[in-house]
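Data block below; observations after.
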Amino acid sequence: MAANAYAISARSSGPILKQRGRPSAAGVETKNAAIRDAALELFALKGFGGTSIVEIAKRAGVTRRTLYARYPDKAALLIDAVRGVIDQRLQIYDLETATSAEAALLEIAADITVRSPSAPLLMRILIAEGVNFSHEGEPLGRAGRDHLLSQLELVFLALMRRNLLPPADALEAATLFTDMVIASGMLSLLTFSPNGSARDILAPRVAFFCAGFGAWANRADPSAARRDK
């Protein structure tokens, strides 16, 4: 009995090994974000062709096996990184509490083009790789733009549902907003006014967009507008 008790005591006094389980969803997303950020930094610095999977994994602090478990190749990683930047900036808004379409759209435009630390990297990559790069037959610039439009369409549907904007085709509104505000604002920041603030560059564009939105929306039969069902 004493020997048995001693054996139990000896085992319990040894090192306690933590049992490994599945990583949490938050942990997985943190690692995915680190991979996307590392990829954007290296693609912007060395170009898509000049960056290896090994370099991305090393900068992200993961193994090559971990990276390949998430992405089959660099192309898939780049597409996901582009979409990740867009999603990251748009998911922080609670449009159900918005009181002004102009204020909400200004915040969204500023976050995508100015406040996002990845925005300059993303624009540099789109300019450098957008013409030649394609994934599954889809140009990089089109892949990023289409994803942005699909997310902004939801933004406009929410603003229309809360009567902060008149009924209109939400996808067309997202396209117009992207061209008039986001694309032109980012171009100005990168070329003409690199030291400009979000308010200086974007506020006049957003104000002009919102001021003319009603007239633009009424050009067609409102009953044909796309609505959130």
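Here, each number is a calculation from the coordinates, and none is a lab measurement. What you see is a predicted model, and the numbers here were worked out from it, not measured in a lab. Counting neighbours? That spans all protein chains shown, and the Cβs are built from the backbone with ideal geometry, glycine included.
May I ask you to sort Met160, Met180 by Cβ crowding, counting other Cβ atoms within 10 Å and putting the fewest first?
The fewest-first ordering by Cβ neighbours comes to Met180, Met160.
Would you please put 34-43, 99-108, 165-174 in order of how densely packed they are, using the mean number of other Cβ atoms within 10 angstrom per residue and starting with the highest?
34-43, 165-174, 99-108
If you split all Cα-Cα distances of the stretch 23-65 into 10 Å bins from zero, what percentages do you get per bin, shortest first?
31, 50, 16, 2
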